[in-house]
Structure formats: C-alpha cells, structure tokens
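The values are calculated or read from the model by the stated rules, or taken from the named source; none is laboratory data. Values in this document were obtained by computation on a predicted structure and should not be read as measured data. Quick reminder, even Gly has a Cβ in these numbers, built from the backbone with ideal geometry, and neighbours come from all protein chains shown.
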Amino acid sequence: MIHQGRGFACINYPIGMNLGGDPSQALVHSTPDGKFMVTLSSIDLGQGVKSVMRQVAAESLGVPVSDVYVDTADSDTGPHDMGSFASRGTHRMGNAVIRAAAEARFQMMEAAADELEVNASDLMTDGKGNIHVKGSPSRSITVQETAQLAQFRQGRTLSGRGIFLVPYSPVDAETGEMTPVSSFAHAALIVDLTVDDETGEVEVTQINSAYEVGRALNPRLVEQQLIGGAWMGVSHALYETTEPYYPDRAHGPEDFNHYLMPGPGDTPPHHISILERPAPDAPFGGKGPGEMCANPVLPAIANAVYNAVGVRCDTLPITPEKVLRGIRDNGGARPQGRPG
Amino acid sequence: MATTTTKTPVTFTLNGAEAATFVDPGANLLEVLRRNLGDLSPKYGCGQGTCGTCTVMINGQPRLSCLTLAETVEGSHVETTAGLAHGPDLHALQQAFIDGFAAQCGFCTPGMLMSAKALLDRNPNPTREEVVDAISGNLCRCTGYEPIVEAILTAARAPRRSAGRSV
Amino acid sequence: MSQTINHVEYRKDLFADERDDTLAEIGQPTVRQDILGHVTGRSPYYDDHLFEGLLHIRCVRSPHHHARVRSVDSAAAEQMPGVVRIIRAADVPVNMNTLLSLIDFGRDDEPLLAADKVAYVGQPIIAIVATSVRAAEDAAAAVRVDYEVLPHVLDVEEALVPGAPVVNETYPNNSFDYHDRYDHQKLRFGDVEAAFARADHIVEGTYQMSPIEQAPMETCGAIAAHETNDRIVCYTGTQALFFSLGVTAKQLDMPSSRLHFIGGTVGGGFGGKVDSHHEPLAVLGAILTGRPVKYQWDRAEEMQVGAPRGGERWRIKDGITSDGRIIARTFTGFFDAGAFTRLSSYAVQKATGHLPGPYTIPNVASNVFCVYTNRTPSTAMRGFGITACDFAIECHMDKVAEAVGMDPIEVRILNAYRDGDMKAHRRAAKNCALIESCQVVAAKAGWRLSPDALAASSMAGGGVGWRGEIPETLSDTAGQIGQRSRDGHGTDPFAGAQDRVRVAAGQIDPQATSALGNAPQDTEMEAEVDRLGFKTSASTDTPPSQRPVGPAPSPQPVPPPSSGQKYLGGLPSGAPLGPSDQWQRAAPPQSGPSLPLAARPNPEQPTQQPAQPGASQSPAPPAAAAAPPQATPPSDNEPFQRGVRRPGVSPFLRGRRR
C-alpha cells in the first residue's frame, strides 16, 4: 500500500569560517579604454563566483557589467584568497571586490573631475559608461574617455586594491564562547512524499520551500543553487553513501552504478519562495545560498517518512531496507495523519 | 605491453572535417580525441561508462567515447560539442543552455549537449519524458537536472537555425 | 515554460524596508560570465592542458584497515615498460603535514606517502610515475608489500574506549586535542542539569549521518610541468588555490615563488577538492623526472580513496515544558575523521558554534569529539559541520513536537531565535529570518498555523529579559586529554565530571555580536554607503532619541517561563499579541541592517543592550518615526562612520559621502 507523508524542517546556516583569520583579496584595474579587469584567486566550482564578482564590481564601479571581466585563479596575478568553501566566497570576496572597486572608482571620479573642472563629489555615474555632474547630465564625460585621459594625460591609474579580513575569534575551552560567523542564511521546507509499505520505497512528490538569502545578487544563480541543492538533499536523504553499512567498510561503491543518485526523471516539483533580509556586513546584503540549500531536505524527508508510515529513520540514508525493517518492527505501517 | 607498440592508423570525420591519427591498441576514442586530435570538449568523468561526460555522436548516435575503441570509428562521422556551433552561430541547444542557466560547473555540459542533439536530430519535437530518457545516461551533480530538461525542450521549440550570438 | 515543474517567487514584500532594490547590476539575472565556454566545450579545466611527454601517477595502496609496513619490494615494478620513476616516502622532503598547519591549527599527522604504517584501506604507500595510466597501474600491481596486519577500529565510540587500537600516533587517544586540555570541544551555557530536573518532558535521540562522496563530475587532480626560470606550473582542480600552493611549498620544501598555480575553472567540488594531495605529488613527480606529470584520480579512487563527508553521530537530549518551550538541550557529537585530521578538527568547532540550532534555549551544553578511526579520512562537503547536525536537530524537533502534542512548525516558531536573543556561543543574534521562512512555506503549502504563530516575527520580542542574557553557567573539567583512554568514562556533557565549575553570568559585548570584518586599510577603499543597497531612508531606523537607552540588563535574570505559560516572542503571559500590538512593529536595536544613514548614531547613547519590555513599548512605529532632532545631515566628502558603536554593525560599514 502507498502512504502519503508530509514533513517539515527549518534551518539556519553560518556564512564564512572562523579559523586563523579569514581573508580575501582582490585587484581591479582599467584598460586604457575604460574597461575593468578584476583579478582574484577564487575558484568557480560552478557556483558562479566569477559571475557574481563581475556584477559586484560593475555595481561598485558604476559601469555596465559588460565592461567588467573577472580573471581567476592564477597565483601569479590573483592575490591571496583562502578558497571557495564555507559559504565564504560571496561574503568575503564580495567585500574585497567592493573595496577594490571603490578605490578604482575614487580614482576614476577624480580623473573625471579634473577634466570637467568640478569636485569629484559633484559627479555621479549613470551605470551606462558615463560620468556626469549631479543634476546636470549634459556636463558629462564617458568612462572610456576618462580612462584614456587618466592614463595618457594625467598619469593616473584607475585601479584599486581590496582586502576583507574577518579576524580569528578564539574559541573558549570551557564554555565554547566564540564569534563564529558573520551572518546566517535561513530555510524552511515542506516535503510531500509517498512510502510503499511493501517495497519500502520512498518517492518525493513535491517540495515547497522558503529560502532567505540576504539578497539575491543574481537571482538566476541563486535559483541554480536552490534547485540543484535541494536535489542533492533528496539524494543525500534517500540514496547516497560510500559505506552502506557504516561503520562497516564493506560494500563501498566504486562507480555510478552502485553510488546512487536521483536522475532527471526522479526530480519532484519544487516551489520556491525567496526571502531577502540583507545582512549588514555582507556585499549588498547577500548571504551565500549554496551550502544551506540541501540541509533542510534531509530531516524534512525523515520527518515525512515518519508521518507516512510511523517509522523513525534516524540513520541516513533512508533506504528501502531501513523503512521495511522499521515497518516490520512496528508490526505494520502506522500513518500519522496529515499535519497542518 | 611494450613501449614500442604497433600503432593503427584511423581515419574518420570529426565535426565535418577529415581526421587521421595513429592510435595505440586498445586506445579509447575519448583519449584519442583529447590527446591526439586536441578536441578537449568531451570530458573524462569516470572511464567506466557510467557518467556520460564523454558522450559524443558517432554516425548520429550518442556514444560513450571512453568505452569506444578508437579503431572502431574508422570511416565514421564523429561529432562533438566543439563542432556544435556553425561558425559564429550557436546551436539552438547552446543558446537554450545559456538562456536557461542550464549549466553550473559546466563539466557535464558537452556530454549533455551531445545526448540532446542526438535526440533532437532524430526527434525534433520530443516530449518531456523523451528528453528525460535521452539524458538519463548523463549525470549532473550541480543543477538537479530540471534546468537542463527545460533548456532542451526550449531548444526543440526554437527555430531550426538559431540566430545566436557570436562565439 | 508551461511545462516547467519548478516555480520560484521572490517575496520582495518582506524586509522591504531594509533593502534598496534599485541597484543597476546587483539583482539582475545576468548570464554567467563562463557560460559560453561551458556550452562550447572550451572552458579550461585542469585536465584541458596538453603536454608532450606527459607522465601519469598511480599509487600502491593499502589493502588493510591498519597494518605495519615491514618491507616494500618494487624491483620488478621498476623494470616494467613505461615506468619512469618510483616515488617513496623518503623522496618527499617534508612528508608529514596537516592541512590546517598553514593557519596553525593542529599537529602534522598525515604523510603524503606512508612510510612504515598504513591506517586505512587505500592509503598510498608508493607512487609510480609512468608513460601511461595503464603502465603505472600495471607497475603498481607488481609492487610487493609485506604487511603486519594490526587490530583496527571503525566505530567512533569504540575508538574512545580504553585499549582501542591507536589509529594515529600523533593523537594517541584517538581524539583531537582541543586547547591542549580536552579531548573534545565544550559548549556550556546555563545549567542544563537543573533545567532537566524541572522539565515536564525529556526527549532523547541519536542520529547518524552517512559518509557521502562529493562526487564532482570532474575527478580530483593536478598537472605539473616545468616552466621557464626554474619554476613549476601546476594546473589544478583545487577549491583553495593558496592552500594547495602552500601545502606544496611546505611538503616539497621550496619557496612558493617557484610555484605557479593555475585553476579557478573546476568541474564541481562540493568540498572534496580542498585536501591538496594531488598538487604536491604531481609537482614532486615533475621535479624528479624533469617531465610534465599528471596525478588524476579515476572514479573508483574518487569514491573510496577520496575523502568523503564524515559519518557524524549526534545524541540530543531535550528538557521541555508542557507548553512546548525547550528549556534545556545537550548534545554529544562524534565527527568521524577517519585516520587523519584533515579538516574535521575545525568542523567540530564550527558545529559547536552552530548549537543548539536556530532556537533560543536558555540552557545548552555540548561535548563534540573529533575521533580517529581506521577509515578513509573525511573532509569538507557542502554544509560541512552543519548538515548532519541539522539533520539531528530537525528530526529531534519533530519528536519534541510529538512529545508535547504540538504542531511541528508551531513548536519551531515558538522556540525560534529572534533578533537580540543570546545564542549559546555568547553572541547576540541579528538579521534573523527563521520565523518568516516558516510562515512563508507553511502558507504556500497550505499548512495551517495558529494566529499566534502567524503573528510572530524575528524582529519582535527578541533579546527581552533572559532571552538577551548570558546566564550563570555550569561547566566541568571532565575529558582531559588522555583521561578517557586511560580510565574510560562517558562522553556526554558532565559525564564523569568530578567537579562543577561556575562561570559567572555576563552581558552582551556590543562589539562582539557577530564576526566583524576589518576596516578598509585606506579611506579610498571605502565604498559610498548609499550605493551598497541598504535602505537609506530615515524611516527605517528608530531615531536615537527614541531608542531604548542602555545598558539595561534586567537586574535579575528573568527565569524561563514555567510550565503552562504561553510564551511567544519573549512576551510574558498576558501581554497582548497580534499585529496591532506595537511589539510586532517596533524594531529592536539589533534588527535590520542597522544603518543610521540619515543620522549618525549618538556616541553618547550607544544602544548596547537589548531592550527591556518597558523601554521598547514606547517607540513609535518605525514608519512614523521622524528624523531625530539632534541629527545633522552629513556634509559632502565628510568621512563618517555609521553604526560602528551599535551592536551587530561592522566597522566595515563606513564610508564617505560624495
């Protein structure tokens, strides 16, 4: 018999790491015709750090994103960065890029002010490649011309350096007192699934979720993380392990025929709501969504399985074997009734 | 066994152009495409035939190049993602993957595109189920698959020759 | 997209008064910078760099969980066709390393190649460098190793029992040493034993995370080749370029200036590409052979030799009052590091800082262990240190709900942390949004909540009374290094404790509510604050004159509510609830982006303490707040600091107006 189940979980997730100090550096410089190169040592694993840093730099410089290119990671040109992990990339490197871009912008505005014979404080960028006097758009100069004049007439470099460091916070031996993180991302998630009490098979039929990400710096990249991350959460909950009978080391998979993950035909509908409560110290308020998105799925599935058949699976993954053993131990399926 | 093995000449068509090379006995097509011919678009993901990142098309059929003996493609038409765009014009599938944010790390993308192209070449109007079936041998660890399925369906609905952007 | 099965909506209505949504590039769905390379197959992953005469590495690996290596006979392998070089432990200039030694955390405990002992199945002993993968594999199979098999231990709790086999001689008690004092990391907040004694329900559970393979589609690896000027270039799939460079420089005892590391385009990582084992071996191979060398795992190695997410075990015990309030929670956590530390020692501390989850619980204690077992060392994976912990906490929360007969979401909202609440690691919470996330998902899934739960807010009621205070705390000195493996006793908090140590109650350090970034080193690196995307209208900020003036801790800690008392959002029983109440609207000092943009904070009136109920009920709703009388608009070009003296605001957030 097929039983319906519904389960809930909610989580928060720390952004950044606390270990020995957590720095990132960035450099920005302009080409002679007013395009901007950003050099870093961040790693793009697919999360899109190149793309996000490009947008952060463009926004901070006040120029179009098409005029910015991010070059990473070459240790000869990109300054030091701890790496891409601990949901630190957007936060740490984003802040470093903002600073590097701020310095480059400062120089750019000074260069433009020289040419327009006004104070730099009276100038603004239009985000389309022009710099003009506030309230008087006709008194303007292009970023391209500014860069050319800066380089060939003023002898000024439109470049910037940025470092963002979260210093190490010692951990107290007796109480665990520490300052571990900068901010938290949040998620709450409801899973609907079915459990077959004859085979023990669990099929996730629908996911509803709310993810709070600070600010979606690029909404499509955030959606990539949330959809892909929730898929991974389902996979972790129901399929994946390198040691199926942990702590026994036997039966370890060595290929994808034995290391199981859901395929393209196994993805449930996922209805996502994105909340944005900007974090004060984060770049434009954005928190890293990439790691936390999988976390609530695991317990929500476990809770839904209990709701469906009354079996608590406190050991992952929730395999048909464990579900069936649980049902047998209970003397049959014990549906708990639809919550809410 | 020995370092001085007898190499076999193999000639085939790679993305419309003649390709000729000498291969070691037992060499697989993936290795030959990448090392001998410099086509780096098919990727090594497992070497076991279980992940699909090395997928290429041989005479119109999607094939795992890591399990294909290079000698067996003599005289065949081999297509890879490196040849998918026509000059500056992207294939509709490529444009749909861009617009649909259907790639993250991008490592599975060339193999996905080959499986998808093989499907659309033989079935220009596939159903969702047919798309799912066509890429079920291609693993993706990043996207959760759905954006890829969507992109392939979008490409199927696009005009045959995409205006595309310059490569 | 009628066929799409995913649906995404943006709740721009929530927290709208904290965001400026008029940015030009931020918030745009700009296509990925790297996407054209991805769809044309031109993105340069580490393996996409071709070299003439490339050599390949395969390792001889231990077939045993635990064994002494008596002798290695590689004479036959050396004569095999294609073999160019055999690398042994003695060829590695600095064979012992631990990843976090670069930031001075832990002792070197892991050899690049095993010398005299192996501690897990798959541990490398010898590296064969050959002209092809096949030749290297054949030669590896021809190496004869004489092993003396040793007893092994695979379970984390068995590893802590007296007499257990010693997995890792650097840590002979099978547990990482914390603070040169304890075999675990402690967290102590309040008095859990007293709270358990007065709880109406006790709920206990044990939860087990499975080891999981990161399984990036691109396997781990690196290619090293000689560059000009006696430098070595290394193309790598690392997630941490300078970790890998630093480890290589250290283990090969060479200046980092001789190394040129290139990466940044990686075929998935998920945490599995931080361990930096491929780079030193590939670079060493290039140095020893004078030729380009690739060390790339095949998929089987990736799955069984590659470090997985560790198998964490968590025990939770909750004390709950019958109204659903959790008044005490203890954890015992075991991180299965496998044979060597890698990053597990840090994950223990990261998890400790995460406890007790996103809930405000007045009494919390935990003991978390980094345990060595005879299995593949574990390492980071997506959610590192948190995923298993959250699985445990959230499964447990459902058991709590069942024990008190409450709705699972309602019990979470009731206990949820809010702005200004004191967390167990002794920092105030800010920027919370758990409650809103719960409310949004419940509404869209048709899960009905009570009016009380729907009226709750992360921005209201937090930090009030006991919620904002550090309680007097009971700790202990049990679990000193070596004590457990000698005498044996329990691992739970206070188990085996001969003593109880009282730690005085405290107050919030206003500068230490969250990790703060450094200030820009130069004023020209300061961003213009009104371009950073935070709402800049004065109406978003409670005027200083109307902010509660601190310090205002309660003279006596307000005890947690007694059984039966309805206690939502820090409101004492009987206080009005619902949207009409000012509590629901008045922002406490820590809420929001904390950007007093129209008004510089008055340094004479730092709002250092959470509001007392009496103080907070007077402010007008933020929307109606007028500009403070003493506020003067900053003049152009005048550098200013915003929020620096206010809780939760980074000194990074300062800048100049232009």
When you scan region C:2-24, do you find a residue that is of a type in the set (Asp, Glu), without any contact (Cβ under 8 Å) to a residue 24 or more places away in the chain, surrounded by 15 or more Cβ atoms within 10 Å (Cβ to Cβ) and facing another protein chain (nearest Cβ under 7 Å), even just one? no
Just checking, which of A:282, A:304, A:300 is buried (at least 24 other Cβ atoms within 10 Å of the Cβ), touching a residue at least 40 places away in the same chain (Cβ under 8 Å) and more than 27 Å from residue A:89 (Cβ to Cβ)? A:304
Can you find a residue that is within 14 Å of chain B (Cβ to nearest Cβ) and under 23 Å from residue C:398 (Cα atoms) anywhere in region A:190-205? yes
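Need at least 2 residues that are under 30 Å from the mean Cα position of the chain (by Cα) and surrounded by fewer than 21 Cβ atoms within 10 Å (Cβ to Cβ) per element, so show me which helices (runs of 4 or more DSSP H) inside region C:75-173 make the cut, counting only ones lying wholly within it.
On the way: elements: C:75-78, C:133-142, C:156-159.
The helices (runs of 4 or more DSSP H) meeting that bar are C:156-159.
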Within region A:1-26, can you find the residues that are more than 8 Å from chain C (Cβ to nearest Cβ), hydrophobic (A, V, I, L, M, F, W, C) and buried (at least 22 other Cβ atoms within 10 Å of the Cβ)? A:15, A:26
Residue list for region A:51-68, filter: at the interface with chain C (Cβ under 7 Å from one of its Cβ atoms), surrounded by fewer than 24 Cβ atoms within 10 Å (Cβ to Cβ) and not polar (S, T, N, Q): A:65
Counting only helices (runs of 4 or more DSSP H) entirely within region B:77-143, those with at least 2 residues that are surrounded by 24 or more Cβ atoms within 10 Å (Cβ to Cβ) are B:92-99, B:109-122
Are any residues in region A:94-153 within 14 Å of chain C (Cβ to nearest Cβ), part of a helix (DSSP H, G or I) and farther than 30 Å from residue A:23 by Cα, and if so, which ones? A:111, A:112, A:113, A:120, A:121, A:122, A:143
Before we move on, is residue B:43 within 14 Å of residue B:15 (Cα to Cα), touching an Asp or Glu at 6+ places or on another chain (Cβ under 8 Å) and within 13 Å of chain C (Cβ to nearest Cβ)? no
How many residues does region A:69-93 hold that are more than 8 Å from every other protein chain (Cβ to nearest Cβ), of a type in the set (S, T, N, Q) and crowded, with 22+ Cβ neighbours inside 10 Å? 2
Quick one: is residue C:382 within 8 Å of chain A (Cβ to nearest Cβ), part of a loop (DSSP other than H, G, I, E, B) and at pLDDT 95 or above? yes
Please work out if residue A:262 is in contact with a His (Cβ under 6 Å, 6 or more places away or on another chain), surrounded by fewer than 24 Cβ atoms within 10 Å (Cβ to Cβ) and in contact (Cβ under 8 Å) with a residue 24 or more places away in the chain. no
Conditions: (1) in contact (Cβ under 8 Å) with a residue 40 or more places away in the chain; (2) farther than 26 Å from residue C:237 by Cα; (3) within 15 Å of the chain's Cα centre (by Cα). Residue B:74 meets all but one. Number of the miss? (3)
The conditions are (1) away from chain B (no Cβ under 11 Å); (2) out of contact with any Lys or Arg (no Cβ under 9 Å at 6 or more places or on another chain); (3) not β-branched (Val, Ile, Thr), and residue A:273 fails exactly one of them. Which is it? (2)
When you go through (1) at the interface with chain C (Cβ under 7 Å from one of its Cβ atoms); (2) in contact (Cβ under 8 Å) with a residue 60 or more places away in the chain; (3) not acidic (Asp, Glu) one by one for residue A:46, which number turns out not to apply? (2)
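Quick one: which strands (runs of 3 or more DSSP E) sit completely within region C:258-371 and have at least 1 residues that are closer than 30 Å to residue C:460 by Cβ and more than 14 Å from chain B (Cβ to nearest Cβ)? Show your work before the answer.
Details: elements: C:259-262, C:293-296, C:313-320, C:326-338.
In region C:258-371, the matching strands (runs of 3 or more DSSP E) lie at C:313-320, C:326-338.
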I'm trying to understand the selection: among the residues of region A:232-263, which are touching a Ser or Thr at 6+ places or on another chain (Cβ under 6 Å) and closer than 20 Å to residue B:138 by Cβ? A:255, A:256, A:257, A:261, A:262, A:263
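Here's the yes/no breakdown for (1) farther than 30 Å from residue C:149 by Cα; (2) in contact with a Leu (Cβ under 7 Å, 6 or more places away or on another chain); (3) among the aliphatic types (A, V, I, L, M):
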{"site": "C:5", "(1), (2), (3)": "yes, no, yes"}
{"site": "C:10", "(1), (2), (3)": "yes, no, no"}
{"site": "C:35", "(1), (2), (3)": "yes, no, yes"}
{"site": "C:38", "(1), (2), (3)": "yes, no, no"}
{"site": "C:52", "(1), (2), (3)": "yes, no, no"}
{"site": "C:59", "(1), (2), (3)": "no, no, no"}
{"site": "C:80", "(1), (2), (3)": "no, no, yes"}
{"site": "C:87", "(1), (2), (3)": "no, yes, yes"}
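Suppose the filter is of a type outside the set (Lys, Arg), more than 22 Å from the chain's Cα centre (by Cα) and over 25 Å from residue C:419 (Cα atoms); does residue A:244 pass it? Full working, then the answer.
Values: of a type outside the set (Lys, Arg): yes; more than 22 Å from the chain's Cα centre (by Cα): yes; over 25 Å from residue C:419 (Cα atoms): yes.
The answer is yes for residue A:244.
Count, please, the residues in region B:58-76 that happen to be assigned to a loop (DSSP other than H, G, I, E, B) and within 20 Å of residue B:134 (Cα to Cα). Lay out the reasoning, then the answer.
Applying the first criterion (assigned to a loop (DSSP other than H, G, I, E, B)) to region B:58-76 yields B:59-60, B:68, B:74-76.
Narrowing further to those that are within 20 Å of residue B:134 (Cα to Cα): B:59-60, B:68.
So the count comes out to 3.
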Complete set of residues in region C:476-495 that are under 17 Å from residue C:175 (Cα atoms), part of a loop (DSSP other than H, G, I, E, B) and of a type outside the set (A, V, I, L, M): C:477, C:479, C:482, C:488, C:489, C:490, C:491, C:492, C:493
Does residue A:205 meet the test of being outside any strand (DSSP E or B) and over 30 Å from residue C:346 (Cα atoms)? no
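Here is a yes/no grid of residues against (1) under 23 Å from residue C:295 (Cβ atoms); (2) touching a residue at least 12 places away in the same chain (Cβ under 8 Å); (3) out of contact with any helix residue (DSSP H, G or I) (no Cβ under 8 Å at 6 or more places or on another chain):
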position	(1), (2), (3)
C:101	yes, yes, no
C:104	no, no, yes
C:113	yes, yes, no
C:118	yes, yes, yes
C:132	yes, yes, yes
C:140	yes, yes, no
C:143	yes, yes, no
C:146	no, yes, yes
Which of (1) more than 16 Å from the chain's Cα centre (by Cα); (2) more than 7 Å from every other protein chain (Cβ to nearest Cβ) does residue A:290 not meet, given it meets every other one? (1)
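Taking region C:27-52, which residues are of a type in the set (Val, Ile, Thr) and either assigned to a helix (DSSP H, G or I) or modelled with pLDDT under 95 (or both)?
Start the filter on region C:27-52 by keeping residues that are of a type in the set (Val, Ile, Thr), which leaves C:30-31, C:35, C:39-40.
Scanning region C:27-52 gives C:35, C:39, C:40.
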Here are some conditions: (1) within 14 Å of chain B (Cβ to nearest Cβ); (2) part of a strand (DSSP E or B). Residue C:68 meets all but one. Which one does it not meet? (1)
Just one of the numbered conditions (1) more than 22 Å from the chain's Cα centre (by Cα); (2) within 30 Å of residue A:306 (Cα to Cα) is not true of residue A:13; which one? (1)
